[in-house]
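**Student:** Can you keep this structure in mind? I'll have questions shortly.
Bear in mind these aren't lab numbers, they're just calculated from the coordinates by the rules spelled out. Just so it is clear, the model here is predicted, and its values are computed rather than measured. Methodologically, a virtual Cβ is constructed for each residue, glycine included, from the backbone with ideal geometry; neighbour enumeration extends over all protein chains shown.
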Amino acid sequence: MSDRPVKSKEWNSYTVEGTVDKNSKSLSFGGLCLFDGKFYFDKFELFIENDKGVYEPVTVLNSSFESPISNGDVPKWIQGISNDAIVKVKEYKITSDKSSVDGKNSLLIEGKGIKPRLEAKIGNVEGASPKIADMISMLEDLKARVERTVKNMSQYEIDYLHDAEANRIGALVMHLAAAEKYYQVFTFENRDFNEEEKKKWGNALDLDQGGRDEFKGHDIQYYLDIYNEVRAKTIEELKKRDDAWFAEVQTRYDWTNQYCWFHVMEHQSSHLGQILFLKKRIPPEQKKTLPQEIKK
């Protein structure tokens, strides 16, 4: 309901409608709150339309939050989108409340001290000159989109290879880190990769058969940790420079430093689209079964 957020201080009924694709693995629903404040939830109901066009109720356990909440855990509900993606945020306190529309209790989530990530804002980065601040905020926005897309993917999903010419999603995240690392040395040190750096980053940068062979068998956090380390260095070094440096030309390619980092930004966008395309086309994992023993 991002297009119609609930801001009323009174109890009201709200409906979310949608179509469940035939290939969907699961349906996640619940309550979402943003920033500081008190957020009340009660009486969740789920209806599925049958073949005759009739909406049939589906049982939702603890739908009105009558079961007592203990230590911030809501019985029969998950804080996240699955048992494998439980998320607890320390700034949010989860309790029962006597204000309700069904039964004696409702769910109360109270946020205090939330520091929102700036969305849809360019620039104003502490310690950075104006144009560099613009670039940092754009780089960070795109990196956050990549992370949101891949962070809950399974080992099977990030290692899945569509065909002999494709790239694994884990390798693509590594490629983003490698390309950014290259532009660090190119713009900050006016050079190419040295032999040690080529050995470390070469397969990730080229994404040929070497990349397909090397980048598999790691969970997604392995790649994100490397990406985060590279990005931290980028921001640290960019903040040391000013807008005049941004306008300087790298004579080898007749590119300004600003254009080089624009390229890093749009490179993220390009591969994010590739990752989204690949992710949607990963077939369900086939469960391995042991052959049954044949008895004579």
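**Student:** Which distance in Å, rounded to a whole number, links the C-alpha centroids of the stretch 66-122 and the stretch 31-53?
**Tutor:** Distance between centres, Cα-based: 13 Å.
**Student:** With 10 angstrom as the radius, rank M174, M138 by how many other C-beta atoms surround their C-beta, starting from the fewest. Could you put the intermediate results ahead of the total?
**Tutor:** On the way: M174 26, M138 19.
Going from least to most buried by this count: M138, M174.
**Student:** Report the charge-dipole magnitude of the stretch 12-116 in Debye, nearest 20, computed about the Cα centre from +1 at each Lys and Arg Cβ and -1 at each Asp and Glu Cβ.
**Tutor:** On the way: 13 positive and 15 negative charges, 89 e Å.
About 420 debye.
**Student:** Return the single residue from Y156, Y183, Y55 with maximal mean-square fluctuation; model: Gaussian network over the chain, springs between Cα atoms under 10 Å.
**Tutor:** Looking only at Y156, Y183, Y55, the biggest GNM fluctuation is shown by Y55.
**Student:** Quick check: the angle from helix 169-188's long axis to the longest principal axis of the chain, C-alpha only, nearest 10 degrees?
**Tutor:** The answer is roughly 40 degrees.
**Student:** Based on Cβ point charges of +1 for Lys and Arg and -1 for Asp and Glu, what charge dipole magnitude is obtained for the stretch 57-211 about its Cα centre, in debye rounded to the nearest 20? Please report the intermediate quantities before stating the final value.
**Tutor:** Details: 21 positive and 25 negative charges, 151 e Å.
With only Lys, Arg, Asp and Glu charged at Cβ, the dipole is about 720 debye.
**Student:** Let me ask something else. Please report T234, T149, T15 as a ranked list, fewest other C-beta atoms within 10 angstrom at the top and most at the bottom. It would help to have the intermediate numbers written out before the result.
**Tutor:** Working: T234 22, T149 15, T15 7.
By the 10 Å Cβ count, ascending: T15, T149, T234.
**Student:** Now a separate question. Among S106, V146, N83, pick out the residue whose Cα is farthest towards the positive end of the charge dipole of the stretch 1-154, where Lys and Arg carry +1 and Asp and Glu carry -1 on C-beta, about the Cα centre.
**Tutor:** Positive-end residue among those listed: V146.
**Student:** Let me ask another. If I model a spin label as a point 7 Å beyond the Cα along the Cα-Cβ vector, how far apart are those points for E236 and Y259 in nm?
**Tutor:** 3.0 nm
**Student:** Apply the a/c threshold of 1.5 to the C-alpha gyration tensor of the chain and tell me whether it is rounded, prolate or oblate.
**Tutor:** Cα axes put the chain in the oblate bin.
**Student:** Enumerate by residue number the trypsin sites (Lys or Arg not before Pro) in the stretch 160-222 meeting two conditions: DSSP loop (anything except H, G, I, E, B), and at most 12 other Cβ atoms within 10 Å of the site's Cβ. Kindly include the intermediate steps, with their values, before the conclusion.
**Tutor:** On the way: sites: R168, K181, R191, K198, K199, K200, R212, K216; in loops: R168, R191, K216.
When the trypsin sites (Lys or Arg not before Pro) of the stretch 160-222 are filtered for loop state and at most 12 Cβ neighbours within 10 Å, R191 remain.
**Student:** Test of understanding: what is the full-extension gain from D213 to A247, defined as 0.36 nm times their sequence separation minus their Cα-Cα distance? Mind showing how you got there, number by number?
**Tutor:** Details: separation 34, 0.36 × 34 = 12.24 nm, distance 3.95 nm.
Gain in length upon complete extension: 8.3 nm.
**Student:** Continuing with this model, one more query. Grab the beta carbon distance between S270 and E196, set R0 = 22 Å, and tell me the FRET efficiency rounded to 0.05. Show your work: numbers first, answer last.
**Tutor:** Working: r = 28 Å, r/R0 = 1.27.
According to the calculation, E is roughly 0.20.
**Student:** Continuing with this model, one more query. State which entries of K200/K287; K9/K76; K7/K43; K76/K287 exceed 24 angstrom in Cα-Cα distance in the structure shown.
**Tutor:** Details: K200/K287 35 Å; K9/K76 26 Å; K7/K43 18 Å; K76/K287 27 Å.
Checking Cα-Cα distances, K200/K287; K9/K76; K76/K287 exceed 24 Å.
**Student:** In the chain, with Lys and Arg counted as +1 and Asp and Glu as -1 at Cβ, which of these residues, I136, T15, Y223, has the Cα nearest the positive end of the dipole, that is, farthest along it?
**Tutor:** Projecting each Cα onto the dipole axis, the largest value belongs to T15.
**Student:** Under a 10 Å cutoff between Cα atoms, tell me which one of N83, N50, N12 has the largest fluctuation in the Gaussian network model of the chain.
**Tutor:** Most flexible of the set in this elastic network: N50.
**Student:** Roughly how many whole Å is it from the C-alpha centroid of the stretch 126-163 to that of the stretch 268-283?
**Tutor:** For the stretch 126-163 versus the stretch 268-283, the Cα centre distance is 13 Å.
**Student:** Which residue fluctuates most in the GNM of the chain (Cα springs below 10 Å): V20, V173, V264?
**Tutor:** V20
**Student:** With +1 on the Cβ of every Lys and Arg and -1 on the Cβ of every Asp and Glu, and nothing else charged, how large is the dipole of the chain about its Cα centre, in debye rounded to the nearest 20? If you can, show how the numbers build up before the last one.
**Tutor:** On the way: 44 positive and 49 negative charges, 160 e Å.
With only Lys, Arg, Asp and Glu charged at Cβ, the dipole is about 780 debye.
**Student:** Please arrange M135, M265 by counting, for each residue, the other beta carbons lying within 10 Å of its beta carbon, fewest first.
**Tutor:** Values: M135 24, M265 18.
Exposure proxy ranking, most exposed first: M265, M135.
**Student:** Taking the dipole about the Cα centre of the stretch 30-114, with the C-beta of Lys and Arg at +1 and of Asp and Glu at -1, give me whichever of L46, S63, Y92 is farthest to the positive side.
**Tutor:** Farthest towards the positive end: Y92.
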